[in-house]
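No value in this document is a laboratory result; all are computed from the given coordinates. Small disclaimer: the values here were computed from a predicted structure and weren't measured. Methodologically, a virtual Cβ is constructed for each residue, glycine included, from the backbone with ideal geometry; neighbour enumeration extends over all protein chains shown.
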């Protein structure tokens, strides 16, 4: 039985994601699709547009059979930790394949790069540090380090591309876990990860779709060609209800915490380093919305993403003690099931007794530290536009009986 | 020169308060009226309806010459501490008289009660503790203790009346400070402190006025007969702008903090005792507005006021370390000037060099711990409906040139 894993955020799920699922299924001959998906807060340090429950619903409608939550401890971290947590979960749930989208589009450069790094790790680290100290960004420093070590970049993967970076860390994680998961990649088409313009009629980046959603009144209908109909329907409804989430909605809480917490308290927050927390505290007084606040705190030293992640941790009150260090490779302690198709449910029933980690279907009464953080993050997330949100303690996984004419079953 | 002091909250300033000022001026032959006024959060543990700056404006228009802020460290505490801080400030600013409204209406019972307590403090404390342990409220236990000691209640003040309690503590504070301030009292007329119905055409309690304001659309005009015209005008404008403050406006922040702070963090908050913080944390999950939340946490053991004060301290993140203990009698360390009439300004210019405490006219660049707490409380207060609020760091005292036909000057 082939079980293909994907790592996703679905913020929101669009035609590019459908293409990814379709290709994954075809390429791996998968009988089952498992998605590990970020919870309420995403890798770039921002609240998801839609709740994890709504995104689970979309994933199931798009053809995914099992949706597993990537815990906050991994989901809101840099690529290495994010990838490590996601791959470890796919390994635990029994995935046989992992397929990711990348700019590279073939797996060989990833494997070559990994091999070189395994052999030249120390030298590479030395040069990487040197180039980072020179003020280069992480991706840039990576490329420079390879050049200095004398490797031909053509056989290597370009680690200045965001999806290549993630992909590289997936491949690395599989190796480090000594997992038998077979890794494949497909070429991303037509939209760059960070593109903000909608250039193509059928596929656009999630970034561009989100920007369009918040900019124009008619956005969801305009976006119909770029997202599957079930996404458009959901976006239209939530936009009408004013329930699409944006950092701005959370800014009052962030500002409140920055104003009322002491410097000592803020220093306990994960990623609060080098007095950055003081700068945030000071600037919060003068700004009424997240974007102008961010522009005020941004310096060359810190990327927008790094600052957004810090803001996320301040918002959720996540301390250094709560989080995994960026260096360690601690494995997840639980599998939080968010949704399943009928096929997914059958698989889980067979697999249940073989799982090494507890399978969490409802969080009430459990007491796993990482899970407590997920619950707290979700409670924070639900503080805004929560008119019809069910409390996290009352949630059970979404069940989805797939109609026989579903998109993926036709392929 | 006679300088009469009053201790006020003006939430909002109404005809009863005008009557109090008029009587005070007549009875003490005052050349100058000084008001010590609570800042953004009040003695009953709630945000003021209007900002301290708007209330200062009303006080000046009503005839007050100097408005001094009662620091958060005193303003949000039980009667003893509240009264102590207020009287100590009046003493420092040079008040010769203090006049308060009370249910008793004459000063003799206050002095008698104080004399008895000075002599029988130990016995009284013993019986007070006993009756409190039996589950009686503080006022009730007080009355029972006097009875047990064999004193005729008729010559004593009834300490089950809220304004009598405050008055008693004013008298006590004057004695303890060995101040030469002469204390007088006037009978409160026509409205009980806690009355929620508007029974009289000209004087109603501030509680009743606030309730009417939040209940009916036309409230400010209906209330015109009960408040001076400058109050009605301000209430009308602020109501139209949706800028009247209510605990409900702050509840999202309170809930957010209860959800995201750990139990250990919450235990550091002032008045968080006996696991009360856990009860609050648990109930916050289920409630979307302050009143239903309060109803859910209320037990016989704790008064509504006690719980509201705890909520205020949680909201402002005020720790046990930040606050004065309820037992000590620490004196204020500064005089924060909020407003002055031309007469008030002349007095201050003469007096300035004689003052023992720093006179704070703007907070920027100062670093007094209690003052930092006042600033933080004001920043919290301004988190809602803050469209045209000036930042606390940019504020200077309100100056008011009194027109010659002002109400009090005609009397």
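If you average 1/r over every pair of different alpha-carbon atoms in the stretch B:247-316 and take one over that average, what Kirkwood value in Å do you get?
After inverting the pairwise mean of 1/r, the radius is 11.8 Å.
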Among A:76, A:303, A:106, which one moves the most in a GNM of chain A with springs linking Cα atoms closer than 10 Å? A:303
May I ask you to derive the relative contact order of chain A, considering only C-alpha pairs under 8 Å and at least 6 residues apart, and to give it as an integer percent? 23
How are the alpha carbon pair distances in the protein assembly as shown distributed across 20 Å bins from zero to the largest one, expressed in percent? 14, 39, 27, 17, 4, 0
Just B:291, B:385, B:91 to compare: in a GNM of chain B, with alpha carbon springs under 10 Å, which one fluctuates most? B:291
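With both partners inside the protein assembly as shown, how many of the DSSP beta bridges are antiparallel, as a percent to the nearest 5? Each step should come with its number before you reach the end.
Numbers: 10 of 58 bridges.
Here the share of antiparallel DSSP bridges comes out near 15 percent.
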Simple spin-label model, 7 Å along Cα-to-Cβ: residue B:285 to residue A:115 in nm? 5.2
7 Å along Cα→Cβ, label-point gaps from residue B:139 to other copies, nm, shortest first: 6.9
Where does the stretch A:1-102 land on Rg(C-alpha)/(2.2 N^0.38 Å)? 0.98
Assuming R0 = 56 Å, what is the FRET efficiency of residue A:31 and residue A:391, from their Cβ-Cβ distance, to the nearest 0.05? 0.95
A correct fewest-to-most ranking of B:240, A:50 by other Cβ atoms within 10 Å would be B:240, A:50
Backbone N within the stretch B:87-104 under 15 Å of label point (7 Å from residue B:180 Cα along the Cβ vector): B:91-98
Compute the FRET efficiency between residue B:151 and residue B:187 as 1/(1 + (r/R0)^6), taking r as their Cβ-Cβ distance and R0 = 30 Å, and round to the nearest 0.05. 0.85
Can you list the distances in nanometres, one decimal and ascending, from the residue B:27 label point to the identical position in each other copy, with the point 7 Å along Cα to Cβ? 8.7
How far is residue A:357 from the same spot in each other copy, in nm, shortest first, if each label point sits 7 Å from Cα toward Cβ? 5.8
Hull volume in cubic angstrom per residue (convex hull over the Cα atoms of the stretch A:133-175): 85
For the stretch B:40-194, what percent of Cα pairs sit more than 29 Å apart? 20
Before rounding to the nearest 500, sum -39500 (n - 2.57) across all DSSP H runs of length at least 4 in chain B and divide by the residue total; then give [θ] at 222 nm in deg cm²/dmol. -14500 deg cm²/dmol
Write down the percent of antiparallel bridges among all DSSP beta bridges whose residues are both part of chain B, to the nearest 5. 15
Take residue B:224 and residue B:321, extend 7 Å from each Cα along the Cα→Cβ direction, and tell me the distance between the two endpoints in nm. 5.4
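Report the gain in length on full extension from residue B:357 to residue B:274: 0.36 nm times residue separation, minus Cα-Cα distance, nm rounded to one decimal. Before the final figure, lay out the partial values.
Numbers: separation 83, 0.36 × 83 = 29.88 nm, distance 3.72 nm.
Once the chain is fully extended between residue B:357 and residue B:274, it gains 26.2 nm.
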For the stretch B:1-80: relative contact order, % (alpha-carbon pairs under 8 angstrom, 6 or more apart): 36
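Taking R0 as 45 Å, what FRET efficiency do you get between residue A:367 and residue B:240 from their Cβ-Cβ distance, rounded to the nearest 0.05?
Details: r = 50 Å, r/R0 = 1.12.
Once the sixth-power term is evaluated, E becomes 0.35.
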Under the classification rounded if a/c is under 1.5, otherwise prolate if a/b is larger than b/c and oblate if not, where does chain A fall, given a ≥ b ≥ c as square roots of the Cα gyration tensor eigenvalues? rounded
Can you check how the C-alpha radius of gyration of the stretch A:47-101 compares to 2.2 N^0.38 Å, as a plain ratio? 1.19
Which residue fluctuates the most in chain A, going by a Gaussian network model with Cα springs under 10 Å, if the choices are A:24, A:148, A:318? A:148
If you average the C-alpha positions of the stretch A:1-59 and of the stretch A:92-163 separately, how far apart do those two centres end up, in angstrom? 24
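May I ask you to sort A:352, B:320 by Cβ crowding, counting other Cβ atoms within 10 Å and putting the fewest first?
On the way: A:352 9, B:320 14.
With the fewest neighbours first, A:352, B:320 line up as A:352, B:320.
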Relative contact order of the stretch B:247-316, defined on C-alpha pairs under 8 angstrom at six or more residues apart (%): 44
